[in-house]
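Worksheet: one structure, shown below.
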Amino acid sequence: MPSARLLVLFGSQTGTAQDVSERLGREARRRQLSCRVEELDSYPVVNLINEPLVIFVCATTGQGDPPDNMKSFWRFIFRRSLPSTALRQMDFAVLGLGDSSYAKFNFVAKKLHRRLLQLGGSALLPVCLGDDQHELGPDAAIDPWLQDLWEKVLGPHPVPLNLDLSPPGVLWPSKFTLQFLKDTPSSGPEELCAAGTDPQGPPSELQPFLAPMVSNQRVTGPSHFQDVRLIEFDISGSGISFAAGDLVLIQPENTASHVQQFCQALGLDPEQHFTLQPREPGVTCPTRLPQPCSVRRLVSQYLDIASVPRRSFFELLACLSPHELEREKLWEFGSARGQEELCEYCTRPRRTALEVLCDFPHTAAAVPPDYLLDLLPLIRPRAFSIASSLRVREEGWPRWGGGQGDKGPGGGGPMGQGAYCPLPRPTPRGCRSWWPWCSTRPASGSPAVASAPAGWRPWTLRKDLSGCPCGCGLGA
């Protein structure tokens, strides 16, 4: 009997849905199933009519909005012209990720589930509703749902008798190989690759505009517990037009001290160069990563070593660990029964991936470079609202004013332009690696800025009304 052909499609805003999808892919391969994992907007949606078994993993952002990397799919799947029998050959399941503190909890997953049924698809299971507010996180709903899913999938497609179910500790090949170069290339090719092929094009994720930071002012009193900043960028010559309330994306960077600490923990030479090659067909290299690239650049600008690691991080580390005691503890953190302890150790104190690696030195020293991109997520741009108006110009140049927000220790993303937001104070652990990068490089440092008015509805204040604007919770 042929094995099932499984397709996992995800829509992810912060990386959680992608992490769950890759976990699904690993679990499928353990069960000897052929499986592909793809972004929803990267997958040719017209090919869904040829897919027998699809698992959709989608997050809900904002007030019931789909993630950015599934918006094209979202528009297509809700076309009224699609026939009610379009997906009659497809079995599907939907796994949602959301936050129950919001009114439209898991709205995208629920709506997608209903729409797939309307198009003739057959649901294997009720929609799974992962909740960030649960004390154990979304895994509290995902783990039992996955057990039921594999029973449904393996019913008509059991593991062949001549093949065994792979145990959880089996180390699967990495997605990429790092082929290190004997000779160190000049910095020219790497810089040219990073700069993109169309320097005259509009700012985007692949072709950002490097905007010097010209001002960094604290707007709260020195005794206030929140460090709220107004940060301004010079965008002269960018051609960017905006209105107050538009969004801008800021690309953060890890600090030099953290990069050095990471390389020492893993025994990497930061000056060594490599080329990245996918191990399997159909897997693409990160588009922003230059070829060739130095280890220093990979760690400083691409690997999110300051992120709070997810469960899959500990599962992979356990597979790589040669140290018995460390391996046992890592397996506990990566197991379903160890999620409460993982929450106490990592999630609540916002312990970073770099800190975890330093806590497990024998394991960190044994991590092969090929697994770096499997182990750590890529640094994602952070979105912030613009606080100033294009009509207001000082000293002849337009400026973006803003700050960064998260009150808790170790919470939030990098600095950026936006409405006044609270900046966490630098901690001894240095969780906010982006904060020193911004505050210590005011004029020469150029954070990568990509204009992105992401789906907001324009509004204006009536001129006949008077009022006092305030930023609630900001101390301003």
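Some notes on this structure:
- Looking across the stretch 101-126, the residues that are surrounded by 15 or more Cβ atoms within 10 Å (Cβ to Cβ) and either among the hydroxyl-bearing types (S, T, Y) or in contact with a Lys or Arg (Cβ under 6 Å, 6 or more places away or on another chain) (or both) come down to Y102, G120, L124.
- Residue that is modelled with the lowest pLDDT [pool: residues in the stretch 214-262 that are closer than 16 Å to R382 by Cα and polar (S, T, N, Q)]: Q251
- Hits in the stretch 330-361 - residues which are outside any loop (DSSP other than H, G, I, E, B) and either in contact with a strand residue (DSSP E or B) (Cβ under 9 Å, 6 or more places away or on another chain) or within 11 Å of L317 (Cβ to Cβ) (or both): L330, W331, F333, G334, A353, V356, L357, D359
- Candidate set from the stretch 137-154 (those that are within 20 Å of the chain's Cα centre (by Cα) and modelled with pLDDT under 90); member that is farthest from L7 (Cα to Cα): G137
- Residue count for the stretch 16-40, restricted to those that are assigned to a loop (DSSP other than H, G, I, E, B) and out of contact with any strand residue (DSSP E or B) (no Cβ under 8 Å at 6 or more places or on another chain): 2.
- So S241, is it in contact with a helix residue (DSSP H, G or I) (Cβ under 8 Å, 6 or more places away or on another chain), in contact (Cβ under 8 Å) with a residue 24 or more places away in the chain and either of a type in the set (S, T, Y) or outside the structural domain of T363 (by TED's automatic domain parsing) (or both): no
- Only one of R351, R327 that is basic (K, R), at pLDDT 85 or above, in contact with a Ser or Thr (Cβ under 8 Å, 6 or more places away or on another chain) and not assigned by TED's automatic domain parsing to the domain that holds A211: R327
The values are calculated or read from the model by the stated rules, or taken from the named source; none is laboratory data. What you see is a predicted model; the values in this text were computed from it and never measured. Cβ atoms come from the backbone with ideal geometry, glycine included; neighbour counts cover every protein chain shown.
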